[in-house]
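The values are calculated or read from the model by the stated rules, or taken from the named source; none is laboratory data. This is a predicted model, so every value here is computed, not measured. Ideal geometry is used to build each Cβ from the backbone, glycine not excepted, and the neighbour counts take in all protein chains shown. Note: accessible area is taken over every heavy atom of the protein model, side chains too, but ligands, DNA and RNA are not part of it. Shrake-Rupley method; radii C 1.70, N 1.55, O 1.52, S 1.80 Å.
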Amino acid sequence: MVKDGQIVIVDEFTGRMMPGRRWSDGLHQAVEAKEGVKVAEENQTLATITFQNFFRMYEKLAGMTGTADTEAAEFAEIYNLDVVVIPTNKKMIRIDYPDVIYKTEREKFKAVVQEIKELYEKGQPVLVGTVSIEKSEMLSKMLKRAGIPHSVLNAKHHEREAEIIAKAGQAKTVTISTNMAGRGTDIVLGEGVRELGGLHVLGTERHESRRIDNQLRGRSGRQGDPGSSRFYLSLEDDLLRIFGSDRISSVMDRLGMEEGEPIEHGLISKGIENAQKKVEAHNFDIRKHLLEYDDVMNKHREIIYSLRKDILTGDGVGEIVESMMEEKIDTLVERWIDPKAHPEDWDLTGLSENLARIFGFRPRILPQDMSDEELADLDPESLAQRIKEQVREAYKERKRYVQKEELEEVARFILLQIIDNQWVRHLQDMEHMREGVGLRGYGQLDPLREYQREGFALFEELMDRIREETLTTLFRLRFVRRPEQEVKKKERKVLHMSHGGDSASPAPIKRKEKKIGRNAPCPCGSGKKYKKCCGASA
């Protein structure tokens, strides 16, 4: 929906607005252009975490909800939490009728409208639950045609959500809502509603999760209030279409049921509940699978965030830089030097060029820089040590130009900027790899193991890029010390301006000697023009 000149995404199941959320891959910009609002830049992911790993960062976890029992297995496996069921404050007297199943969706909604009409005429309030905004809008049109006054809870009335749901218990009130809307608001029964049977909850479709169906039913019969609930289903609903509709359809055909005639039986409700259990288990597997993938990213996240924290809060930035120097030198020596080959066959030139590219100078490691004895005793370890000593000396030389604290502050700023930029790139690399790694299953490979293996390689590349870019930047910085004469000259100018009385402008300087023209004869008597003689150095 368009709100305050912005495109706001509405969750199709809950009807809630999601400000700040944007579609990716240019889709949001396309909608902005289509609706004629300002087209904003593409969002860039700076950090990611799953809810599970976010919650597991807390030392203690606890919670309270009316619908945790159906998810007890997931709480135990993911968070190691037990679910304890506490009895209700007052005895629950709500009547939960068996589900009613129709052959087609058209028949189902026709029956829903008929029941709403009967209850409305009786005066009993009705809360109608739908699985999506689309279904809410469709049912609203049908009720308008039937002349039944009603309220619809969706994103358009988001601000009035609590007010609308609070009045849902008044006599002759019909409220249409997505299964998630209006939670947390008590529905108080109006005058004379108890005698009519309390609030009737009418579900137009079973949700994939029993928990959300229980949330919908739970709006009625609170604190010992009377109430009732019933779900209307059809064989065209997604849940029944995927699970078991053929069996139920064949039973309906054998019974020779006419159009508009429903099935209502406890066994059918039980079968639907089993179908929901299957879907819940499948969804849990998906979440568990997602968590296994995020556990790989979580290790990367912990290392990078720990490094950032050390840089931000610690005093040892210099030690981090020196550690990066040593690790980068070891990596380059390992890449360019074959330990099995003779030192004469080593590609010292290639190694020297790469060192010069990063550190800005060529360490003395070529054969002409060493004696025959040094060359004969050379091995990869001693070569790496020789390079490290020279690089450390070059870094110490840089420290002479500035104070240690100033250099560490510069290094801290550079490190943070490089880590943040490279981390964003790493998130994109991991996301692209994650999108395609599932196809490895066709090659009889485990996609998760492949993701772990390639993720490790990408993380190694990330750390190497951070080291290289940091060292290249630090070693190519130029610290310029101002000459003392220039500093004194500026001091004299400041002093001169400060003695100029109340006026902000300096007093004019008067020339004592007569000005000599550039083409005039030089006063030294050389016979040359002034510009060619003494004036050349002026």
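List the pairs whose first member sits in the stretch 361-382 and is under 15 Å from TRP346 (Cα atoms) and in contact (Cβ under 8 Å) with a residue 40 or more places away in the chain, whose second member is open to solvent by 60 Å² or more (accessible area, probe 1.4 Å) and of a type in the set (Asp, Glu), and whose Cβ atoms are under 9 Å apart, counting only residues at least 6 apart or on separate chains?
Close Cβ pairs (under 9 Å, with a partner that is open to solvent by 60 Å² or more (accessible area, probe 1.4 Å) and of a type in the set (Asp, Glu)) amount to PRO380/GLU334; PRO380/ASP338.
Any residue at all in the stretch 174-181 that is more than 36 Å from the chain's Cα centre (by Cα), part of a strand (DSSP E or B), at pLDDT 90 or above and over 19 Å from VAL10 (Cα atoms)?
Checked against the condition, which is being more than 36 Å from the chain's Cα centre (by Cα), part of a strand (DSSP E or B), at pLDDT 90 or above and over 19 Å from VAL10 (Cα atoms), the stretch 174-181 yields at least one hit.
Of the numbered conditions (1) under 15 Å from SER220 (Cβ atoms); (2) of a type in the set (S, T, N, Q); (3) modelled with pLDDT of 80 or more, SER151 fails exactly one; give the number of that condition.
Among (1) under 15 Å from SER220 (Cβ atoms); (2) of a type in the set (S, T, N, Q); (3) modelled with pLDDT of 80 or more, the lone unmet condition for SER151 is (1).
In the stretch 46-56, what residues are surrounded by 11 or more Cβ atoms within 10 Å (Cβ to Cβ) and either part of a loop (DSSP other than H, G, I, E, B) or in contact with a Ser or Thr (Cβ under 7 Å, 6 or more places away or on another chain) (or both)?
Once the filter is applied, which keeps residues that are surrounded by 11 or more Cβ atoms within 10 Å (Cβ to Cβ) and either part of a loop (DSSP other than H, G, I, E, B) or in contact with a Ser or Thr (Cβ under 7 Å, 6 or more places away or on another chain) (or both), the stretch 46-56 yields ALA47, THR48, ILE49, THR50, ARG56.
Does any residue of the stretch 104-117 turn out to be in contact (Cβ under 8 Å) with a residue 40 or more places away in the chain, among the small types (Gly, Ala, Ser) and closer than 24 Å to ASP225 by Cα?
Taking every residue of the stretch 104-117 in turn, none turns out to be in contact (Cβ under 8 Å) with a residue 40 or more places away in the chain, among the small types (Gly, Ala, Ser) and closer than 24 Å to ASP225 by Cα.
Condition test on VAL85, is it at pLDDT 90 or above and in a loop (DSSP other than H, G, I, E, B)?
Judged against the criteria, VAL85 is a match.
Limited to the stretch 95-110, what total is found for residues that are assigned to a helix (DSSP H, G or I) and open to solvent by 40 Å² or more (accessible area, probe 1.4 Å)?
Residues meeting the conditions: 3.
Pull up the stretch 432-442, narrow it to residues that are open to solvent by 50 Å² or more (accessible area, probe 1.4 Å) and without any contact (Cβ under 8 Å) to a residue 12 or more places away in the chain, then point me to the one that is farthest from the chain's Cα centre (by Cα).
Restricting to residues being open to solvent by 50 Å² or more (accessible area, probe 1.4 Å) and without any contact (Cβ under 8 Å) to a residue 12 or more places away in the chain, the top hit is TYR442.
Could you tell me whether the stretch 447-456 includes any residue that is among the hydrophobic types (A, V, I, L, M, F, W, C), within 23 Å of ALA47 (Cβ to Cβ), within 31 Å of the chain's Cα centre (by Cα) and at pLDDT 90 or above?
Scanning the stretch 447-456, I find at least one residue that is among the hydrophobic types (A, V, I, L, M, F, W, C), within 23 Å of ALA47 (Cβ to Cβ), within 31 Å of the chain's Cα centre (by Cα) and at pLDDT 90 or above, so the answer is yes.
Just checking: which of the helices (runs of 4 or more DSSP H) contained wholly in the stretch 307-408 hold 2 or more residues that are of a type outside the set (S, T, N, Q) and at pLDDT 85 or above?
Counting at least 2 such residues, we get 317-336, 348-359, 380-399.
Here is a yes/no grid of residues against (1) open to solvent by less than 80 Å² (accessible area, probe 1.4 Å); (2) under 25 Å from HIS432 (Cα atoms); (3) among the acidic types (Asp, Glu):
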residue	(1), (2), (3)
GLN276	yes, no, no
GLU280	yes, no, yes
LYS288	yes, yes, no
GLU292	yes, yes, yes
ASN298	yes, yes, no
ARG301	yes, yes, no
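Just to be sure I understand the filter: pairs with C-beta atoms under 8 Å, separated by 6 or more residues or on different chains, first member in the stretch 55-67 and hydrophobic (A, V, I, L, M, F, W, C), second member part of a loop (DSSP other than H, G, I, E, B). Which pairs pass?
Partner pairs satisfying both residue conditions: PHE55/LEU61; LEU61/LEU81; ALA62/LEU81.
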